[in-house]
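Only one structure is covered here, and it is reproduced in the block below.
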Amino acid sequence: MRYFLVLIIIICYFSEALPNSRTDSLEISLATADQLDKVNILNQLSQEYQEISARKSIAYASSALQLARDSGIRNDIAESLANLGSAYFSISNYKKALEYHTNSLQVFQDLTDLKGMFSLNSYIGKDHEKLGNYDKALDFYLISLKISNDLENQDGIFLGLLNLGDLYNTLNNYEKAINYYQQALDLAESSGNKKSISSVLINIGSALIEHGDYSNSLSYFHRSLEIEQELGNMKQISVILNNLGRVYLQLREYEKARTNLERSMTLILETGNQYGIAETFINIGKLQLEMKNMKEAFASINQGLQFATNINAKQLIMKGYLALSEYYSAVNNNEESLHYYKLHTQIKDNIFSESISNKLNNMQDQLEMDDRKLNLVKLQKDKEIIKLESEKKNLHLLLLFMGLVLATGFIIVLYKKYKTNNNNNKELQIEILNRMTSEKRLIKNLQIENAITKISFMFINVSDIDTCINETLAEIGSFCQASRSFLFLFNKDKTIIDNTHEWCNNNVQPLISNLQGISTTKLSQLFDKLETDEIINIQNVAKITSEIYSGEIKFLNNNAKSILILPLKLKGNITGFIGLDNVSKTIEWREEELRVLKISTEIIEAYYVKRSRVKQLETAYFGLEKKVHDRTRELAEINHELHLEVTERKRVELQLNDSFKKLKKAIEETINAFISAVEIRDPYTAGHQLRVAKLSYEIAGEMNLTKMQLDAIRIAAILHDIGKIYIPNEILSKPTSLTETEFSVIKNHPLAGYDILKTIDFQMPIAKIVYQHHEKLNGSGYPQGLIGNEIMLEARIVNVADVIDAMISQRPYRPSQGIDEALHEIESNSGILYDPEVVETCMELFTEKGFQFEEIKIRTAPRQ
């Protein structure tokens, strides 16, 4: 199964689906269109290709955006940005999708284009939902729903119901999810939109799977499959087949499950939907687990988890961790099973937060009330229309007799009725806004309670007070949207104060090292205010009128734009202060933030009071020191016993040295076994590893590294490509250049090697060196994208040696490039891709010290 899937990736991932007659017609029109029409046609082509070829969709939208920017027509710019975001969404690049959708929304807002704003708020909500930011997703869905209600847009109401169903499904409230899906299905069927009908049928079937109603879920999927086959939508067909595979897996019909999942994977790879690829790999892994194919199960689940991690799909990462937990449980590795289950639970707890559930419930209540009010308004309008039609008939008769006067009266009546209806709509909008405000306030209160609860729990069982305070400052800083939160404490005589603890937001420079040993005379006005329990809350530091006071505040942080400080007291005496600042903008910290900071200060004060009492008890025990002196004689006797023990330990040490030699021999045998395993799959890789080991060892020796580092580099270099035993032979030996997907499979070999080696106790960081040997100084390497000194020196050495041997070696798809070109490569990229010191040492070995590899008749190297 695993090799089948890899083969599919090689064959299908970059294949192009055939265009349809619609795209042919548009592409013909594009050739003769003028500049303005081209933008519209390019955007239409981008939309058409979203379900056919994501790469073409992105290319057409990018061209449309360039032309729109050249013309300066902002509506075209907004449409092009929206299409680019949707194209990236279709290949599961949700961060890119969010970036383009956000830029599009900004343009639509500038244009006050309500229809565009409705669509983009919905798109951004879906981006956040896929990224696991459910709280933000709810905010954007709510805005989109409000605009669609204002516009009385049936498509918007349908989309709002569908989004609500998705969120309830994510939160495992399947009954409510199906209820909203059913309402969306009623709207779709009334409009006759087959694409919308199919989408809802798929969602209902998915919710029924989670609800355990497998027979009904099959009927919904088969209905949607008929529609999508009629429409020719390959992307949706792949989703349906994937879900059918899930159902048959639950029904233990494994052959049907396998067939549907494999068909789904084939279609998904054609569309480039990485979310679908990740989900299908995980489902195939779970199927293999049920069929007791443990190796294939582990490989598929890991592959799916890798794709899910690449696109940061938290929901799928959570499912992948749970599948790995089940795998390790099945192979009786309870420790690993528990580890992955904890990772699964951690993500689940973050997703299913109480604030999201409350917001959803409030949103549901608001929707139900809006529906009732809108129904009343519609009913009133229907009655008025009937009445007006009757009056209109009468008026036609009366016009023969009464003329212009009665016609004027009729117009006045109509105007009054219009005003009444308009007032009703305004009242409804005001009530919705009031409810939104109340909801936000309730969520804020819940967030405050959660923050206070977290901080309180930190101080219940304190094992490390520094860690506890740092975590408290992080919680306070994040909640209050601060750049920095800090704690200052006096020395005993209150002449010196130190910044003892600090938390900084991303990209904010820490100041703690510069704020040590500060004389209290430098902050005299600040301390005078704190002594009187004054809270220092400065919204704009630049507007402080007192130069002395301003200087004291800026002394704490010269870049602070806003600052908030509270005194910290012990038994009524000030012992320091706790505070926040913001360096990016001025900010008004409201009562909610003050409340959290006050309570946090009280908790820390209470802890220090308790610790003070403990210290008093410890002082009382110092009187026991006399007893220690009385035992001096006893210690002399113990010293004699220790002498005997030292003798015994020397004997044991000799035994340990003998054991160490045996262990070293076992490690060498393990290494030889790994080399043999590689030679069986790919003899060229083994020869490459030995040559890289020789050059790496020589470079490290010239750089005067320690004996242990030399041994670690030699072993790691020999084993650096061990992860390639998981790569299919057809990729390793392919005589032509690799596709992007094949290369992405190759790029997994450092992680695979790390997974193989991490459980072996080499007493050296062998696994870590193997993990990092393809990282580059500028962050362009893989698999972690490390930068500079984040990469171990040993890994940087192996990387240079690996590049040299790979370039001078013959490959299946090209001849050797020669030593001169190899040396030119590392020298020209010294300090960019490769470590300058390592490059200089390597150059000296070849140009001055005559380093040569052993003569090999046919020099070959594996793919990098």
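Within the range 129-172, the proportion of C-alpha pairs whose separation exceeds 16 Å stands at 34%. Judged by the gyration tensor of its Cα atoms, with axes a ≥ b ≥ c, the range 76-181 is oblate; a/c meets the 1.5 cut and b/c is at least as large as a/b.
Over all pairs of different C-alpha atoms, the range 729-859 has a mean inverse distance whose reciprocal, the Kirkwood radius, equals 16.1 Å. Volume per residue for the range 136-214 equals 78 cubic angstrom (convex hull of Cα atoms). Under 5 Å from the amide H of residue 569 lie the amide H atoms of 575, each residue being 5 or more positions distant or on a separate chain, with H modelled from the backbone and absent for Pro and chain starts.
Shape class of the range 15-163 from the alpha-carbon gyration tensor: prolate, with a/c at 1.5 or above and a/b greater than b/c. Taking 7 Å steps out from each Cα toward its Cβ at residue 115 and residue 99 produces label points 3.0 nm apart. One quarter of the surface of the convex hull around the alpha-carbon atoms of the range 719-766 equals 3.5 nm², the direction-averaged projected area. Per-residue extension of 0.36 nm, minus the Cα-Cα distance of residue 336 and residue 135, leaves a gain of 69.2 nm for this segment. Largest first, the residues 453, 575 sort by 1.4 Å accessible area into 453, 575. As an exercise, use a Förster radius of 56 Å and the Cβ-Cβ distance of residue 453 and residue 763 to find the FRET efficiency, rounded to the nearest 0.05. So the FRET efficiency works out to roughly 0.80. Applying 0.36 nm per residue to the separation of residue 657 and residue 154 and subtracting their alpha-carbon distance, the gain on full extension is 173.1 nm. Neighbours of residue 758 by Cβ distance under 12 Å: Lys/Arg scored +1, Asp/Glu scored -1, total -2. For 467, 23, the ranking by accessible surface with the largest value first comes to 467, 23, using a 1.4 Å probe.
Of interest is the spacing of the C-alpha centroids, which for the range 813-839 and the range 468-484 amounts to 46 Å.
Can you classify the range 266-351 as rounded, prolate or oblate using the Cα gyration tensor, where a ≥ b ≥ c are the square roots of its eigenvalues, rounded means a/c under 1.5, and otherwise it's prolate if a/b beats b/c and oblate if not? Judged from the Cα gyration tensor, the range 266-351 comes out oblate (a/c at least 1.5, b/c at or above a/b). Legend: distances between Cα atoms for 235/256; 195/348; 256/734; 286/314; 130/292; pairs beyond 24 Å are 195/348; 256/734; 130/292. Extension gain for residue 489-residue 737 works out to 83.0 nm (0.36 nm per residue, less the C-alpha to C-alpha distance).
For the peptides 523-534, 711-722, the ranking by mean Cβ contacts within 10 Å, running from highest to lowest, is 711-722, 523-534.
For residue 706 and residue 843, a Förster radius of 22 Å and the Cβ-Cβ distance give a FRET efficiency of 0.45, rounded to the nearest 0.05.
Note on the range 234-288: Kirkwood radius taken over Cα pairs, Stokes-Einstein applied at 20 °C and 1.002 mPa s, translational D equal to 204 µm² s⁻¹. Remark on the range 181-226: ratio of C-alpha radius of gyration to 2.2 N^0.38 Å is 1.08. Summary of packing: across the peptides 335-343, 182-190, the per-residue average of other C-beta atoms within 10 Å ranks them, highest first, as 182-190, 335-343. Rolling a 1.4 Å probe over the protein heavy atoms leaves residue 279 with an accessible area of roughly 40 Å². If you plug the beta carbon distance of residue 498 and residue 789 into 1/(1 + (r/R0)^6) with R0 = 35 Å, you get a FRET efficiency near 0.75. Annotation: peptides 197-204, 80-87, 756-763, ranked by per-residue average of other Cβ atoms within 10 Å with the highest first, follow the order 80-87, 197-204, 756-763.
The values are calculated or read from the model by the stated rules, or taken from the named source; none is laboratory data. The structure displayed is predicted, hence computed values, not measured ones. FYI the Cβ positions are ideal-geometry reconstructions off the backbone, even for glycines, and counts take in every protein chain you see. All accessible areas refer to the heavy atoms of the entire protein, side chains included, with ligands and DNA or RNA removed. Shrake-Rupley method; radii C 1.70, N 1.55, O 1.52, S 1.80 Å.
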